[in-house]
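One structure is given here, and the rest of the page talks about it.
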Amino acid sequence: MSTYENIYKIVRQIPIGKVATYGQVSELANLSGKPRLVGYALYRVDIASDIPWHRVINAKGEISYSPLRQGGDYTQKVLLEQEGIEFNTEGKINLRQYLWHPGNY
DNA sequence: ACATTGACCCGTT
DNA sequence: GAACGGGCCAATG
């Protein structure tokens, strides 16, 4: 299993209505301390794939926009709002409320 | 095989 | 709080 497949597997486990940070995903994927790999992996994911890439955000509770996805700038925001996640006036998510706490049991 | 490219996180000023 | 810098590794041409 490739490193990136591992990441994709974790991302697929994020429940609807919750979000996870890159750091979180990296730890769950046995890539502790290497959160960039998560971002790089998601960069390679197709926007139309079955992977809920939109539920992965940065540690500040903000959406990380990709320069390459400039056309669909708030595609990610729209998808999250459709799942009931709300943004504050600064465009940030309340992590205390929406951050995914992986059960793992 | 080398160089470039990338959606980040954390500790310290 | 905000700003800055270092570290990290895999895929791609």
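A few notes on this one:
- Unique match (being away from DNA strand C (no atom under 16 Å from the Cβ) and either surrounded by 14 or more Cβ atoms within 10 Å (Cβ to Cβ) or over 20 Å from A:R96 (Cα atoms) (or both)) among A:Y65, A:Y8: A:Y65
- Every pair of residues 6+ apart whose Cβ atoms lie under 8 Å, when the first sits in the range A:1-26 and is at positive phi while the second is buried (at least 19 other Cβ atoms within 10 Å of the Cβ) and in a helix (DSSP H, G or I): A:G17/A:Y98
- Test: residue in the range A:69-78 that is aliphatic (A, V, I, L, M) and in contact (Cβ under 8 Å) with a residue 24 or more places away in the chain: no
- Among (1) more than 17 Å from A:Y4 (Cα to Cα); (2) among the charged types (D, E, K, R); (3) modelled with pLDDT under 90, the one test that A:R96 misses: (3)
- Scanning the range A:1-17 for residues that are of a type outside the set (A, V, I, L, M) and part of a helix (DSSP H, G or I) yields a total of 7.
- Residue within the range A:18-41 that is surrounded by fewer than 12 Cβ atoms within 10 Å (Cβ to Cβ) and within 7 Å of DNA strand B (Cβ to nearest atom) present: yes
- A:G103 fulfils the conditions (1) modelled with pLDDT of 90 or more; (2) farther than 21 Å from A:Y4 by Cβ except for a single criterion, (1).
- Of all residues in the range A:17-60, those satisfying the criterion of being of a type outside the set (S, T, Y) and in contact with a Lys or Arg (Cβ under 8 Å, 6 or more places away or on another chain) are A:K18, A:V19, A:A20, A:A29, A:I47, A:D50, A:I51, A:P52, A:R55, A:K60.
The values are calculated or read from the model by the stated rules, or taken from the named source; none is laboratory data. Small disclaimer: the values here were computed from a predicted structure and weren't measured. Glycine also receives a Cβ, built like all others from the backbone with ideal geometry; neighbour counts cover every protein chain displayed.
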